[in-house]
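Visitor: Take this structure first; my questions come after.
Rule-based calculations on the coordinates, nothing more; no lab input. Bear in mind that the values here come from a model prediction, so they are computed numbers and not experimental data. Positions of Cβ are generated from backbone atoms using ideal geometry, with glycine treated the same way; all protein chains shown enter the neighbour counts.
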Amino acid sequence: MNKLKECETLTQFYSPFVSLILELVPLSVLYVKWQLEKPRRVQLVWKLDVAKQLVGIVSVHFVNLLLFPALSQRKITCGLWYLLAVFVDCTLGVSLATVTLKF
């Protein structure tokens, strides 16, 4: 009989470290991209672009938090949980970004 392995979370040391890297790398890339573009956008426009990215990231994070209690009661493998997170990000995240860009 094939038992599902439990998903393991990162330890208390690694979790904040990985979260910090996942926050700093995209923001750093956006900053470097802004520095290298010609003509460079006005700083306010760049800050609004970064804010748009942050709103998208935070909204997808909260959708995942809302889905977790309902889905955690079922036996879900780590791979399926990752697939659901990517699906939520690619569908709801892109839809939300598209709607916000129209305004």
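Visitor: By how many nm would the segment from residue 30 to residue 97 lengthen if fully extended, with 0.36 nm per residue of separation less the alpha-carbon distance?
Guide: Computed gain between residue 30 and residue 97 is 22.4 nm.
Visitor: At a Förster distance of 25 Å, what's the computed FRET efficiency of residue 45 paired with residue 22, Cβ-Cβ distance as r, to 0.05?
Guide: In this case the efficiency is close to 0.50.
Visitor: Using the Karplus equation 6.51 cos²θ - 1.76 cosθ + 1.60 (θ = phi - 60°), what ³J(HN,Hα) coupling, rounded to whole Hz, does each residue of the range 46-60 give in order, writing x for Gly and Pro?
Guide: 4, 5, 5, 5, 5, 4, 4, 4, 5, 4, x, 5, 5, 5, 5
Visitor: Sorted by mean Cβ packing within 10 Å, highest first, what order do the peptides 37-49, 82-94 take?
Guide: Per-residue mean Cβ counts within 10 Å order the peptides as 82-94, 37-49.
Visitor: Given a Förster distance of 25 angstrom, what is the FRET efficiency for residue 87 paired with residue 53, based on the Cβ-Cβ distance and rounded to 0.05?
Guide: So, using R0 = 25 Å, E works out to roughly 0.80.
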